[in-house]
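To start, the structure under review is shown below, and the notes come after it.
The values are calculated or read from the model by the stated rules, or taken from the named source; none is laboratory data. For clarity, every value in this text was computed on a predicted model and none was experimentally measured. Cβ sites come from the backbone with ideal geometry, for glycine too, and all protein chains shown count toward neighbours. We work out accessible area using only protein heavy atoms, side chains counted, and drop any ligands, DNA or RNA first. Shrake-Rupley method; radii C 1.70, N 1.55, O 1.52, S 1.80 Å.
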Amino acid sequence: MGTGQPTVVSIAERAGVSIASVSRVLNGVGARRDTVERVERAASELGYVPNAVARSLKGGRTRQLTFAMPDIGNPVYVAMVRAIQTVTKAAGYRLLLHSTDAVVDDELAVLRSLGDRTSDGLIICPIRITDDHVEALRTAAGPVVVIGSLPDDVPVDSVRADSVAGAELAVRHLHDTGRRRIAFVNGPSDTVPGHNRDRGYRAALADCGLVYDPSLVRHTDFGIESGAEAAEALLDHAPDAVFCANDQLALGAARALHARGLRIPEDVAVAGMDDSMLAQAGWPPLTSVDLGSTERGRRAAELLLERLGIAGASTGNPPPRSTTAPPRLVVRASTGPAATDS
């Protein structure tokens, strides 16, 4: 006997039913309960695996969805994966994962792959939005939900973080603890998160009556090693606090402070953003701004399923929807308590 993929013929022979009965069961058309049980048992014994592409050509659905993220190793996206999968799995969908490394061409390729019908829909997290992104989103062959900010005229559902308000929360908190030389380790300035967190940092400084000092700001990649290198350079300018654009950068900054023999928060306070699992794993545990990663993932999955006409969606094609997860400051030992007036 051959060892290739089982066919409806071999399954029919194994189950002792007709080919037509096997076809009905595998395509979910309907059959008697005992027939369904026999066919499913035979298919399982023979190692039958449904072909998603063939199924989509016949029935219009693959029962697969894709989540494309910049960095599969970032705890923020791990939290999103868990939230998205909880929702999609309950709806009977398999979730496919793709890490783009924030490469624009890779993100565009994923968007265009919807035309291959290997997936019924896409959730994507681009940290840069180019004209090519906008065009690919407008012409996508299937439903797309973006986790991130979009221009107002892009006809796609989106779930956003309020990074501006989140950065303001962190800087104001550092000011409230008595810090006045608040350094900033940010990601690349040409990214949406980097741009928005810079806006929040500058706005909070102004609100607190502090002058923006370029010598206290460094732009780098969103990673632990990059955070350590940036903080090491900033320490020559005597900051009393370091605010970082994500928790990975903040962990790197803390490592640089420890290497210099500086105490956290007694000598220099440290705050991050995202409130990922890394924030609690740091020593001391990091103050961080929760940007609602889990909530954004859950809501993105719900929006995508609604576009696919399930999860209680209404009929028709509603206009693009955008929701924003409000930020929340989580204070831990890395910044200490707020200062009190004597």
For the range 190-342, averaging the sequence separation of alpha carbon pairs under 8 Å that lie six or more residues apart and dividing by its residue count, the contact order in percent is 18
Given 5 Å bins starting at zero, what is the percent of C-alpha pairs of the range 184-342 in each, up to the one with the largest pair distance? 2, 9, 16, 19, 18, 12, 8, 6, 5, 4, 2, 1, 0
Work out the length of the dipole vector of the chain about its Cα centre, built from +1 on the beta-carbon of each Lys and Arg and -1 on the beta-carbon of each Asp and Glu, and round it to the nearest 20 debye. 1520
Zone reached by a paramagnetic label modelled 7 Å from T294 Cα along Cα→Cβ, restricted to the range 241-257 with backbone N below 17 Å, covers none
Which percent of the accessible heavy-atom area of the chain goes to carbon and sulfur, probe 1.4 angstrom? 51
Solvent-accessible surface (1.4 angstrom probe) belonging to V145, in square angstrom, nearest 10: 0
Cα centroid separation - the range 222-288 against the range 108-149, whole Å: 34
Which value in deg cm²/dmol, rounded to the nearest 500, describes the helix-derived mean residue ellipticity at 222 nm for the chain, given -39,500 (n - 2.57) per DSSP H run of n ≥ 4 and division by the residue count? -13000 deg cm²/dmol
Mind listing the Cα extents of the range 165-233 along all three principal axes, in Å, largest one first? 30, 25, 18
Over the range 175-265, with neighbouring protein chains present, the accessible area per residue in Å² at probe 1.4 Å is 41
For the chain, radius of gyration divided by Kirkwood radius, i.e. Rg to Rh on alpha-carbons: 1.12
